[in-house]
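The values are calculated or read from the model by the stated rules, or taken from the named source; none is laboratory data. All values derive from a computational prediction rather than experimental measurement. All Cβ positions, glycine included, derive from the backbone under ideal geometry; neighbour counts span all protein chains shown. SASA here: full protein model, heavy atoms, side chains in, ligands and nucleic acids out. Shrake-Rupley method; radii C 1.70, N 1.55, O 1.52, S 1.80 Å.
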Amino acid sequence: MKLVGRLEIKSYEKIKEFLSEEHVGRIASIDENGYPQIIPMNFAFVNDSIYMHSYTRGEKLDNISRNQKVGFEVDRELEFLPSYFSHPTDASQADTLYISVVIKGKAVFVEDDDEKALGLNGLMEKYQPEGNYIPIKNNDLVLDEVAVIKIIPESIKGKYKIGQHLRSDSRLILAKKILERNSPSSKQTLKIMGFEETPDGLKMVDEPVW
């Protein structure tokens, strides 16, 4: 239980920041046979709710029409930690550094044109931050051509594992191994962990507490 508590993201601002950065989330709804259906979706987190757009027909819309209770999940694998980081031969020592957010809530179809435009513009601002488009207005014909799904969260829980469960000396050893392995994500992972490369080697310049 102590480890689980240390992995929990307690900062709502950090959760919002993470959701604003990630491009793919997964909505889970229940199909007509009682099975969960999971679909990857683009999304925007606006005014404490998830907004997505969709075709006006489809299985997930049918599912939501029958049962508004849904799950929504977003995750990022930061770094796979090979087993040999901890033991020369024991495969069970393999691990992963990650960030994840899980939402449970109620999905509704947005009918109000002002709110539809709000959600769609939130998606545009997120995925096309460079602009070069005309913001959607509440009288645009496109509003009749798409469905906008809103998830109203009833619970939002986040977890992260960036080495905060380790002692400072063990964390530095791990950081050095990540740097030496030099995966495509290693530099960004070290930054998230709070490390910086200096002329004197890796130094922890920040103690991330989320």
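Listing for the model above:
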read-out	value
Matching residues in the stretch 26-47 - criterion: being farther than 16 Å from Val146 by Cα and open to solvent by less than 80 Å² (accessible area, probe 1.4 Å)	Ile27, Ala28, Ser29, Ile30, Asp31, Gly34, Gln37, Ile39, Phe45, Val46
Criterion (touching a strand residue (DSSP E or B) at 6+ places or on another chain (Cβ under 9 Å) and among the hydroxyl-bearing types (Ser, Thr, Tyr)) met by exactly one of Ser86, Ser92	Ser86
Tabulated pairs, the stretch 115-131, first in the same structural domain as Val142 (by the TED database), second assigned to a helix (DSSP H, G or I), C-beta under 8 angstrom, 6+ apart or interchain	Lys116/Leu143; Ala117/Leu143; Leu120/Val142; Leu120/Leu143; Lys126/Ser20
Any hit, the stretch 143-154, residues being in contact with a Leu (Cβ under 8 Å, 6 or more places away or on another chain), open to solvent by 50 Å² or more (accessible area, probe 1.4 Å) and not hydrophobic (A, V, I, L, M, F, W, C)	no
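This table checks each residue for (1) closer than 17 Å to Phe85 by Cα; (2) without any contact (Cβ under 8 Å) to a residue 12 or more places away in the chain; (3) assigned by the TED database to the domain that holds Ile15.
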site: Ile173; (1), (2), (3): yes, yes, no
site: Lys176; (1), (2), (3): yes, no, no
site: Leu179; (1), (2), (3): yes, no, no
site: Pro184; (1), (2), (3): no, yes, no
site: Lys187; (1), (2), (3): no, yes, no
site: Phe195; (1), (2), (3): no, no, no
site: Val205; (1), (2), (3): no, yes, no
